[in-house]
1. Within 14 Å, Cβ to Cβ, of A200, how many net charges do the neighbouring residues add up to if Lys/Arg are +1 and Asp/Glu are -1?
2. Of P503, P463, N563, whose Cα points farthest to the positive end of the dipole of the stretch 429-574 (charges on the beta-carbon: +1 Lys, Arg; -1 Asp, Glu; origin at the Cα centre)?
3. Ordering C547, C276 by how much accessible area each has at a 1.4 Å probe, largest first, what is the list?
4. Using only the heavy atoms of the protein chains and a 1.4 Å probe, how would H504, H172 rank by accessible area, largest first?
5. Could you check the spin-label model distance between K435 and A405? Points 7 Å from the Cα along Cα→Cβ, value in nm.
6. Please give me the summed charge of the neighbours of I453: other residues whose Cβ is under 9 Å from its Cβ, Lys and Arg +1, Asp and Glu -1.
7. Report the gain in length on full extension from L454 to L72: 0.36 nm times residue separation, minus Cα-Cα distance, nm rounded to one decimal.
8. Tell me the accessible surface of T482 in square angstrom (1.4 angstrom probe, heavy atoms of protein chains only), to the nearest ten.
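The values are calculated or read from the model by the stated rules, or taken from the named source; none is laboratory data. Given the structure is predicted, the values throughout are model-derived calculations rather than measurements. Reconstructed Cβ throughout: ideal geometry from the backbone, glycine too, with neighbour counts over all protein chains shown. Heads up: the accessible areas ignore ligands, DNA and RNA and are worked out on the full protein's heavy atoms, side chains in. Shrake-Rupley method; radii C 1.70, N 1.55, O 1.52, S 1.80 Å.
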Amino acid sequence: MVFLAIGAQCAMANECVWATKTLPSCAPWTGRATMCAAATSLVGSSMSLSTAIVCVRPPTPGQRRTARAFLLALLVILLGTSPFAAIKLPEINAIVPTLAAALFVSGCVTAAFLFAQFSILRQWALLVIASGYLFSALIVVAHALTFPGAFTPTGVLGSGMQSAVWLYWFWHSGLPIAIIGYALLKNTDRVADVRFTRHAISLSIAGVLALVIGLFWFVTQHNDLLPLTYVDVHPVGLFRRIIGGMVVLALGGIALSLLWLRQRSLLDLWLAVALCALLLEVSLGSVLSARYNLTWYAGHFYQLVTATIVMVVLVAEMARLYDGLARSNTMLDQERMRLQRAIDAQSRERDARLMTGDAVAATIAHEVKQPLAAMITRSDTGLRWLDRAVPDLDKARTEFTKIAADGHRAAAVIESIRATFRKDDRVRASFDVDKLIDEAIALLQDDLKNHRILVKVERSARPLRVMGDRIQVQQVLLNLITNAIEAMTTVDGPRDLAVSSNPHDDGGVVISVADTGMGIDPQDLQRIFDPLFTTKSRGMGMGLSICRSIIQAHDGMLWVLPNAPRGSKFQFVLGANIASSGGGV
């Protein structure tokens, strides 16, 4: 029981320490440090809560008033029973073992709580008072075993008429002596080494147990050596009534005066109340009464008060402590959740910046690759025209002119990418969709010829114009056509590329790019537009993501469907330029 109580109270302090350890690192940013400081202050309040209980916390005025009222009630009971001290009542032998069981349990619980406080605060005074309560709890059992009529007519294990009386005096002397030691030690600065607190508790328990066993053995086996105090069930005058009781009262008076002078904590206050109850009980049961009269039975009430009052206060303080700890833990959990949300937000922001940087780099590399490749091809062609025996300057000039155009297109692409990531409002203009398709096919004509791809262009019966960023929409077309070319490079059958433009049902324009390649795996259809997702061994995974972003920026939609008999069909819808699409240009 002792070590269970110690573990319960130490667990509260450990839980607070665990709370700080589970908080994420506070270093990287100021907001996090602020929240960590708040959480740490909560932990500090919980730690102070775990120590500022009855052993060190000063009593409040209300608690002082309660103690005085309780003590006044005990005095009223004493004054009320004193005139009837000699009234004989029926002999109820079962009251002794019954009360002994209650006193044993309450004394052990009180000792366990006090041992637990010693393990936390390591004050020797707490070890002494805990040992005193343990002594009272154990010796009350020995007293019940030797009490005549409780178990046997004369008591167990050879007990005599004097055994129970002397154990009664030892019992009631133990707590005052322990309080004297507690009062003398409580204000000292010396504390036990944290490594030996459990050993100290174990040695105290063993020492108290050995003392009680030794006293029990002495009063039962050497009953004839004890001064005569009882004959049959009647006390023998002066020594029983005056000397024995006065010794206990003297010890109690010394203990009460020392405790009163050094009273600082709530524990001191209620120890004084318990000691007063013990002295009142000794006055009733040892000085003013004989066995089985009214005051003898009333004295048992004071015994119960002495054994339980500190336990009740300790339990109440423990409940208050757990309540405060629960509230502190709730606040810690809330702070931890806020902190985690802030960390997650920062992590998402950092990841977004990294992703944006990767996306910008990948987008530039992806979009500029095609104009650069065209420029390299045209420069090689132009050089070959110049390297002939008779240079063909006209054709070389044509290639170099195209290189210049490709350079301007690359610059426009880069500016378009910058505008996309800056969320700039681009200047949109009306342009002819069919002309845009023709230009895109012309730019990729060399690749189409090299891969023996047949191009089929299906135009609407009337010219279709849309409003938008012409460079960006052209990049979408170039990306989709380039993907179609790459999808058909490994196909042995017909390689057909179909590009069409048609009016859409909602008044917009739908543009389709269909190929007869290997098609897209159905399980990849949901991810095909995700950034950095690619099905090509040398792909970057940005082309289709960029295409969808551009189309969505134009308030359109981009999707993919299976083509028949094989391949894929990409389609996107743009809003029509209503003013111009109806009548042509």
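1. Computed value for this residue: +3.
2. N563
3. The ranking, largest first, comes out as C276, C547.
4. Numbers: H504 60, H172 5 Å².
Output order, biggest surface exposure first: H504, H172.
5. Calculated label separation equals 1.3 nm.
6. 0
7. So the extension gain works out to 126.4 nm.
8. Per-residue accessible area (T482): approximately 40 Å².
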